[in-house]
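A.B. asks: This is the structure I want to talk about, given as structure tokens.
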Amino acid sequence: MSNSTATLIRNGRVITATDDYVADVLLQDGIVHTISQAIEAGPDVRVVDATGLYVLPGGVDTHVHLENVIGPTITADTFASGTKAAAFGGTTTVVDFALQTETDSPLGAIARAQASAQSQVAVDYSLHVIVTRVDDQVLKDVRYAMHHEGVSSFKMFMAYPGVMMADDASIFRMLRQVGADGGMVALHAENGTVIDLLIKEALEAGHTSPRYHALTRPSLMEGEATHRGIRLAELANAPIYFVHVSSNDALKHIVTARAEGIPVFAETCPHYLLFDDSVYDNDDFETAKYVMTPPLRKPEDQKHLWRALRYDDLQVIATDHCPFCMKADHFGMRSAKLRGAHDFSKIPNGAPGIETRLVSLFDIGVMQGKLSLNRFVELTATTPAKLFGLFPQKGTIAVGSDADVVLFNPAVTQTIHAKHLHSHCDYTLLEGRQLQGRVEKVFLRGQLIVDGEHWHGRAGMGRFVKRGQVRAF
Ligand code: DUC
Ligand code: ZN
Ligand code: ZN
């Protein structure tokens, strides 16, 4: 039976952001064709019995770094390995980053990322452009990217002076134009110059181990930058999206701004919910696994993140999958955490997570009663699709939507090991952890790409999705 055959998913429990019912779902011609009771299977239709399984929309992960050059390093996953890992984890759409370098324009950044991505991606994808330098020409290119390239979101950094940091006026100019055009600016909110000073002082005092990564990036400086970003967006009359919110010092500004009616949106990431800063209480280099930015925070912060997820002050859980191996890999030492063996500031910032997002959140969120099933879908598929202009093509199960479907078994447990995952990263933060739930089958536009442990996908089968205006509701 060919992989493009129509598929009838029988008797599964269909869960969307709003619905929860048992039905048959017919996937045909790449879309969800029919949802009904007792659909008759035609002669060439593959029938899949989904009794006892959840039928979920394919996950939408709007924060991944595949083949991203970050400073002197490059992330360990290629577009091929990263999207295959995404698929095995139940994610069928990813939004990666195209980095504008010192000399090129946003359009050059998109062209470069596309040249590498197109032949490799195994799930559908889009790109945010990281804008590091703003002038009149850049603003024209940003407008062109929005209207002609289907790229409607732009990330800017308030951290990493001299590398990626943009000044406040540049961020404001982008917010004003992108907001007026119906797009979204996503901000990395940390006060970069103060953090750089703290790093310099720590190193001068001889503090070189990974724990100082966390100690030099205090949550107050995440809060300060978040507040500043909100005020810039308010003045620009534009929506704003905060990536990787980790602390209540940041969250409280988001909560207040939303209560004031300012269109502020934000994501957190599974690692901020799974782990806290006690992992840094040692001088072992193994701790470099947890060197991500922002760093892990206090258990008290986690309580606030959960509350915000529940009551919609946080709208998205994305992975910030930013994999760097502990040791040399196919990129050599270039992307190894070991680069920072004697200087924490040289440890590449980031951790893997693209394959474990749904199952880890199902376990710690849904199974522990912190998230309803509908909210789980909303946070991991529907709202990211809406906020980044992918909905309703992506992010839900509805007649006419892309047939990106995950069959999820809530009744089994699995133990996570890096060697079973599909990322090039040589570790997972979840090593040895037992989690409830498993992705059983994944369909991308109706094609079965994951069937248990078996891979039926193909590098290059993922399509670039041109995105429209954001739904900053
Ligand atoms: N910000 C990210 O979003 N990812 C990796 C590192 C960083 O600073
Ligand atoms: Zn960031
Ligand atoms: Zn990131």
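The values are calculated or read from the model by the stated rules, or taken from the named source; none is laboratory data. This structure is a prediction, so every number in the text was calculated from the model and none was measured. Glycine also receives a Cβ, built like all others from the backbone with ideal geometry; neighbour counts cover every protein chain displayed. Heads up: the accessible areas ignore ligands, DNA and RNA and are worked out on the full protein's heavy atoms, side chains in. Shrake-Rupley method; radii C 1.70, N 1.55, O 1.52, S 1.80 Å.
A.B. asks: What order do you get for 197-207, 392-402, 343-353 when each peptide is scored by the mean count of other beta carbon atoms within 10 Å, highest first? Write out the running numbers ahead of the final one.
C.D. replies: On the way: 197-207: 13.1, 392-402: 20.8, 343-353: 22.6.
Listed from highest to lowest mean packing, they are 343-353, 392-402, 197-207.
A.B. asks: Here's a follow-up. Could you give each residue of region 432-444 its phi-based ³J(HN,Hα) in whole Hz, using Karplus coefficients 6.51, -1.76, 1.60 with θ = phi - 60°, and x for Gly or Pro?
C.D. replies: x, 7, 8, 10, 8, x, 8, 6, 9, 9, 9, 10, 10
A.B. asks: Quick one: grab the alpha carbon gyration tensor of region 59-378, order the square roots of its eigenvalues as a ≥ b ≥ c, and give me rounded if a/c is under 1.5, else prolate or oblate depending on whether a/b is larger than b/c.
C.D. replies: Note, shape of region 59-378 comes out rounded.
A.B. asks: Quickly rank 243-249, 117-123, 428-434 as a protection proxy: mean count of other C-beta atoms within 10 Å, highest first.
C.D. replies: Details: 243-249: 23.7, 117-123: 21.3, 428-434: 16.9.
Output ranking for 243-249, 117-123, 428-434: 243-249, 117-123, 428-434.
A.B. asks: State the percentage of accessible surface on the chain attributable to carbon and sulfur atoms; use a 1.4 Å probe and exclude ligands, DNA and RNA.
C.D. replies: 51
A.B. asks: Another one. Counting only residues 5 or more places away or on other chains, whose amide H sits under 5 Å from the amide H of GLY437 once H atoms are built in the peptide plane?
C.D. replies: VAL412, THR413, GLN414
A.B. asks: Could you tell me the relative contact order of region 225-332? Use alpha-carbon pairs under 8 Å, at least six residues apart, and round to a whole percent. Don't skip to the answer; put the middle values down first.
C.D. replies: Working: 130 pairs, mean separation 32.2, N = 108.
Normalised by residue count, the contact order of region 225-332 is 30 percent.
A.B. asks: Okay, moving on. I'd like the Karplus ³J(HN,Hα) series for region 58-65: coefficients 6.51, -1.76, 1.60, θ = phi - 60°, whole numbers in Hz, and an x wherever there's a Gly or Pro.
C.D. replies: Rounded to whole hertz, the list is x, x, 10, 10, 8, 8, 9, 10.
A.B. asks: Got a sec? What order do ASP44, ASP451 fall in by accessible area at 1.4 Å, biggest, i.e. largest, first?
C.D. replies: If we order ASP44, ASP451 from most to least accessible, we get ASP44, ASP451.
A.B. asks: As a test, work out the antiparallel percent of DSSP beta bridges whose residues both lie in the chain, rounded to the nearest 5.
C.D. replies: If we restrict to bridges inside the chain, about 50 percent are antiparallel.
A.B. asks: For LYS386, give me every one of the lysines with a C-alpha distance below 27 angstrom, ignoring sequence neighbours fewer than eight places off in its own chain.
C.D. replies: LYS84, LYS140, LYS155, LYS252, LYS303, LYS370, LYS394, LYS441, LYS466
A.B. asks: Moving on. Expressed as an acute angle from 0 to 90° and rounded to the nearest 10, what is the orientation of the C-alpha long axis of helix 299-310 relative to the principal long axis of the chain?
C.D. replies: 40
A.B. asks: Express in whole angstrom the spacing between the alpha-carbon centres of region 121-181 and region 43-82.
C.D. replies: With region 121-181 and region 43-82 each reduced to a Cα centre, they are spaced 24 Å.
A.B. asks: Further question on the same structure: For the chain, what relative contact order do you get, as a whole percent, if you take Cα pairs closer than 8 Å and at least 6 residues apart?
C.D. replies: 22
A.B. asks: Using modelled backbone amide H atoms (1.01 Å from N, in-plane), which distant-in-sequence or interchain residues come within less than 5 Å of VAL163's amide H?
C.D. replies: So VAL163 has HN proximity to no qualifying residue.
A.B. asks: Per residue, how much accessible area does region 81-158 have with a 1.4 Å probe, in Å²?
C.D. replies: 29
A.B. asks: If we count every other residue with Cβ under 14 angstrom of ILE230's Cβ, Lys/Arg +1 and Asp/Glu -1, where does the sum land?
C.D. replies: Net of charged neighbours comes to -3.
A.B. asks: Another one. Amide H neighbours of LYS155 under 5 Å, counting only residues 5+ apart in sequence or on other chains, H built in-plane at 1.01 Å?
C.D. replies: Here the answer is VAL129, ILE130, VAL131, ALA186, since their amide H atoms fall under 5 Å of that of LYS155.
A.B. asks: Can you compute the helix-only [θ] at 222 nm over the chain? Use -39500 (n - 2.57) per DSSP H run of at least 4 residues, normalise by all residues, nearest 500 deg cm²/dmol.
C.D. replies: Mean residue ellipticity, 222 nm, calculated: -7500 deg cm²/dmol.
A.B. asks: What accessible area, in Å² to the nearest ten, does a 1.4 Å probe give for LYS140?
C.D. replies: Result for LYS140: roughly 130 Å² accessible.
A.B. asks: To continue, here is another question. So what are the ³J(HN,Hα) numbers for region 9-25, from phi and the Karplus equation (6.51, -1.76, 1.60; θ = phi - 60°), rounded to whole Hz, Gly and Pro as x?
C.D. replies: Values, residue by residue: 8, 9, 6, x, 9, 7, 10, 10, 5, 10, 10, 7, 8, 9, 7, 9, 10 Hz.
A.B. asks: FRET efficiency for ARG334 and GLU201, Cβ-Cβ distance as r, R0 = 25 Å, nearest 0.05? Mind showing how you got there, number by number?
C.D. replies: On the way: r = 28 Å, r/R0 = 1.12.
That gives a FRET efficiency of 0.35.
A.B. asks: To continue, here is another question. Roughly what angle does helix 106-117 make with the longest principal axis of the chain, taking Cα atoms, 0 to 90 degrees, to the nearest 10?
C.D. replies: 50
A.B. asks: In square angstrom, rounded to the nearest 10, how much accessible surface does ARG307 have for a 1.4 Å probe?
C.D. replies: 90
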